[in-house]
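Reviewing the structure listed below.
The values are calculated or read from the model by the stated rules, or taken from the named source; none is laboratory data. Just so it is clear, the structure is predicted and the values come from calculations on it, not from any experiment. Virtual Cβ from ideal backbone geometry, glycine too; neighbours counted across all protein chains shown. Only protein heavy atoms, including side chains, enter the accessible area calculation; ligands, DNA and RNA are left aside. Shrake-Rupley method; radii C 1.70, N 1.55, O 1.52, S 1.80 Å.
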Amino acid sequence: MTMLHLNINAPRESFELRVQHDIPLSGITALVGRSASGKSSLLRMIAGLDPCEGDIRFGSEVWQQGRKVMTPAHRRRIGFVFQDIRLFDHLNVTDNIQISGRWQTQPVDPQILPEIIDILDLGPLMDRPATRLSGGERQRVALARALVAAPRLLLLDEPLSGLDPQQKERLIPRIQLALKRAQCPAVFVSHDRAEVARFADRSIEISHGIITTTQDAPRSLRAKMTDRPNTATFAGQEIYVPNEWAVKAGDDVFFRLPAQQLTLTTTDPGQTSAAFCAPVKPIEKNGADTAKLVFENGQAIESDVVITGRNFCAKGKQLWLVSPNVTFVTD
């Protein structure tokens, strides 16, 4: 797998940022941590906007090597969506999106612009002045502008900050689908762990300029859409699928279960208001509390849910896995 290789350091006001890490150039990687921990600074160094010491490589391409090699920001073919959404307020949506073509050096798939506009639901807004856009609309326009420029990497600095929960619910799937269509990996900054659980394929936690932990997202599960609206089945159970993710009957839809919110019970919960409830069998790993949970359809996830009464479970008794939330993803 192609990697973004980082081995850099730079003094900050209250600490020294020191990062040595390889970030997979696939899917979405989150940089998480408290405010002023170095997340946004690292993003700007990757983009070539802020100075640092060390080495940065994009696959086999050297972007920085000490002080001998320094590829300027405009030649790295990076898309950057800033926290303070920078649109040209004297232009309408169409002109804001197309203006990136003035600096574009690579040809764009002629289908990608209309598809990105459709995915981000910008069609009704194309003639609207930027000054008449809501926060969520401005965020979608900024994302479209970055993606139609055919970047090799998209950097997003707290792209959902300032949006209410309903706006986030609508925007997250659209961002994921747009990135998949553009075949563009992304690194985004956030301090919201719930947002990261919904959004990212992996997370890197930074504290005082140093990476403290890295974690992959839970494995995706696959359900199948039925001929009933917004309904999919998984292991004989029904799952509600939001409009943004609903596809035609018979198609697959992918989802994750937030690891921190899972509950195991030995009693059939029957009718429950939880978003997900399905029979499952645990397979213990080396006698530890962490287990592989296998569903009746053969799909499985790793879980760090504490399983009590392991001897009872080992005798083949049925368990049910319950989750209050389901996170849908592109695959």
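Numbers below:
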{"item": "Every residue from segment 163-192 that is open to solvent by 50 Å² or more (accessible area, probe 1.4 Å) and either more than 18 Å from Gln83 (Cβ to Cβ) or β-branched (Val, Ile, Thr) (or both)", "result": "Pro165, Gln166, Glu169, Arg170, Arg174, Leu177, Lys180, Arg181, Gln183"}
{"item": "Evaluation of His74 against (1) within 29 Å of Leu125 (Cβ to Cβ); (2) in contact with a Phe, Trp or Tyr (Cβ under 7 Å, 6 or more places away or on another chain); (3) surrounded by 14 or more Cβ atoms within 10 Å (Cβ to Cβ); (4) of a type outside the set (A, V, I, L, M, F, W, C) (one fails), failing number", "result": "(3)"}
{"item": "Scope segment 209-244; condition in contact with a Lys or Arg (Cβ under 8 Å, 6 or more places away or on another chain), in contact (Cβ under 8 Å) with a residue 24 or more places away in the chain and in a strand (DSSP E or B); matching residues", "result": "Ile210, Thr214, Leu221, Met225, Phe234"}
{"item": "Residue list for segment 156-191, restricted to those being acidic (Asp, Glu) and touching a residue at least 24 places away in the same chain (Cβ under 8 Å)", "result": "Asp157, Glu158, Glu169"}
{"item": "Where a residue in segment 74-94 is touching a residue at least 12 places away in the same chain (Cβ under 8 Å) and its partner, wherever it lies, is of a type in the set (Ser, Thr, Tyr) and part of a loop (DSSP other than H, G, I, E, B), with Cβ under 7 Å and at least six apart", "result": "Gln83/Ser161"}
{"item": "Residues that are under 25 Å from Phe199 (Cα atoms) and either of a type in the set (Phe, Trp, Tyr) or crowded, with 19+ Cβ neighbours inside 10 Å (or both), drawn from segment 57-66", "result": "Phe58"}
{"item": "Selection from segment 25-49 of residues that are open to solvent by 20 Å² or more (accessible area, probe 1.4 Å) and under 17 Å from Gly79 (Cβ atoms)", "result": "Leu25, Ser26, Gly27, Ser40, Arg44, Gly48, Leu49"}
{"item": "Near pairs, Cβ below 7 angstrom, 6+ apart or cross-chain, from segment 252-263 (closer than 14 Å to Ala235 by Cα) to any residue that is open to solvent by 20 Å² or more (accessible area, probe 1.4 Å) and polar (S, T, N, Q)", "result": "Phe254/Ser220; Phe254/Thr330; Phe255/Ser220"}
{"item": "Options Ala10, Ala36; residue that is over 24 Å from Arg152 (Cα atoms) and in contact with a Cys (Cβ under 6 Å, 6 or more places away or on another chain)", "result": "Ala10"}
{"item": "Residue match in segment 201-208 (condition: buried (at least 17 other Cβ atoms within 10 Å of the Cβ), among the hydrophobic types (A, V, I, L, M, F, W, C), under 21 Å from Leu147 (Cβ atoms) and in contact (Cβ under 8 Å) with a residue 24 or more places away in the chain)", "result": "no"}
{"item": "The lone exception for Asp268 - which of (1) part of a loop (DSSP other than H, G, I, E, B); (2) touching a Pro at 6+ places or on another chain (Cβ under 9 Å); (3) open to solvent by less than 70 Å² (accessible area, probe 1.4 Å) it fails", "result": "(3)"}
{"item": "Verdict on Val322 being open to solvent by less than 40 Å² (accessible area, probe 1.4 Å), part of a loop (DSSP other than H, G, I, E, B) and either modelled with pLDDT of 65 or more or within 22 Å of Ala274 (Cα to Cα) (or both)", "result": "no"}
{"item": "Count of segment 282-300 residues which are open to solvent by 60 Å² or more (accessible area, probe 1.4 Å), over 27 Å from Phe199 (Cβ atoms) and modelled with pLDDT of 85 or more", "result": "1"}
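Condition check ((1) at pLDDT below 90; (2) touching a Phe, Trp or Tyr at 6+ places or on another chain (Cβ under 9 Å)) across all residues:
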{"position": "Ala142", "(1), (2)": "no, yes"}
{"position": "Arg145", "(1), (2)": "no, no"}
{"position": "Gln166", "(1), (2)": "yes, no"}
{"position": "Ala182", "(1), (2)": "yes, no"}
{"position": "Val241", "(1), (2)": "no, yes"}
